[in-house]
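Before any comments, here is the structure.
Just so it is clear, none of the values below were taken in a lab; they were calculated from the coordinates. Quick caveat: nothing in here was measured; it's all calculated off a predicted structure. Note that each Cβ is placed from the backbone with ideal geometry, even for glycine, and that neighbours are counted across all protein chains shown.
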Amino acid sequence: MLFHITHVHSAESCPYHDPETVAKTYGKAMLGFEEAGVSLHGAYVDAPAHTFYLIVESDDLPKIHAALGPIIDAGSAEIRPVLDAVAAVRERMSSD
């Protein structure tokens, strides 16, 4: 199942200007998806808004939580299941 994750942190907790903190938090989280058995399909950032957008695939929500562990304390995350829109439209069109 695909999930869209929006992770937001504050300007005060932003690690942008500290490469060591980036490596220990967001860098570790990005690498942690694979280690947790979660496929990371895309990772995007709106740096001025302090917001990350991730598309991941997993059959187990706790695996996603584990991968997000390094950044949990840095902000908050919304995790929402999503469908591939093109596949959903194609399926719907073929079912009529």
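Between Arg90 and Met1, the FRET efficiency estimated from the beta carbon spacing at R0 = 22 angstrom works out to 0.75. Set the Förster radius R0 to 35 Å, insert the Cβ-Cβ distance between Glu12 and Asp60 as r into 1/(1 + (r/R0)^6), and round the FRET efficiency to 0.05. It comes out at approximately 0.60.
In this label model, Asp46 and Lys24 are separated by 2.9 nm, measuring between points 7 Å along each Cα→Cβ vector.
Each other residue within a Cβ distance under 11 Å of His41 adds +1 if Lys or Arg and -1 if Asp or Glu, for a net charge of -2.
A Cβ-based charge dipole, computed about the Cα centre of the chain with Lys and Arg at +1 and Asp and Glu at -1, lands at about 80 debye. Pairwise Cα distances in the chain exceed 21 Å for 36 percent of all pairs.
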